[in-house]
Amino acid sequence: MGLNTTVLRALAARWQERGLRILAGEPMSRHTTLRIGGPADLFVPIAGGEVLAAAVADCRTAGVPFMLMGRGSN
C-alpha cells in the first residue's frame, strides 16, 4: 500500500464494521470498460448515498485522498 498503512487499516476496519466490502490492491482494470488501471490502495464498492457520504467524511477526517469512480467508462 502506498499510503500510511496504519490509517488505511483503521479505515478498512471501520468500513468492515459497517458491512462494506474492502479490497486492498484491487486492480482497477477489473472496473473499467477499457480494462486498464493499476492497483488501488483500497477499493470500496458503495451502492448508496448515505454510505458514500460517510466514507468520504472518513477519508477527509483521516486526510486520505480518495477518488470517486462511476462506471469506469470515461
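The values are calculated or read from the model by the stated rules, or taken from the named source; none is laboratory data. Just so it is clear, the model here is predicted, and its values are computed rather than measured. Cβ coordinates were reconstructed from backbone atoms using ideal geometry, including for glycine residues, and neighbour counts include every protein chain displayed. These area figures cover heavy atoms from the full protein model, side chains too; ligands, DNA and RNA do not enter into them. Shrake-Rupley method; radii C 1.70, N 1.55, O 1.52, S 1.80 Å.
For helix 5-17, what angle does its Cα long axis make with the longest principal axis of the chain, in degrees from 0 to 90 and rounded to 10?
Tilt of helix 5-17: around 90 degrees.
How many nm separate the modelled label positions at Ala53 and Arg18, each set 7 Å beyond the Cα in the direction of the Cβ?
1.1
Separation between the Leu68 and Thr5 pseudo-spin-labels, each 7 Å from Cα along Cα→Cβ, expressed in nm?
Taking the simple label geometry, Leu68 and Thr5 are separated by 3.1 nm.
Using every Cα-Cα pair within the chain, state what percent have a distance larger than 19 Å.
When all Cα pairs of the chain are counted, 34 percent exceed 19 Å.
Roughly how many Å² is the accessible area per residue of the chain, as a whole number, for a 1.4 Å probe?
Result: 71 Å² of accessible area for each residue.
Please check which bits of the stretch 51-74 a label hung off Thr33 would reach, taking the label as a point 7 Å along Cα-to-C-beta and the cut-off as backbone N under 17 Å.
Residues passing the 17 Å test: 69-74.
Going by amide H atoms built from the backbone, whose H comes under 5 Å of the H on Leu42, apart from near neighbours?
Close amide H contacts, sequence-distant or interchain: Gly25.
For the chain, calculate the relative contact order in percent as a whole number, restricting contacts to Cα pairs under 8 Å that are 6 or more residues apart.
The value is 29 percent.
Give the carbon-plus-sulfur fraction of the accessible surface of the chain in %, rounded to a whole number; probe 1.4 Å, heavy atoms of protein chains only.
After summing per-atom areas, the C and S share lands at 54 percent.
Could you rank Thr32, Thr61 by how accessible they are, 1.4 Å probe, largest area first?
Thr61, Thr32
On a 0 to 90° scale, report how tilted helix 49-62 is relative to the longest principal axis of the chain, with both axes built from alpha carbons and the result rounded to the nearest 10.
70
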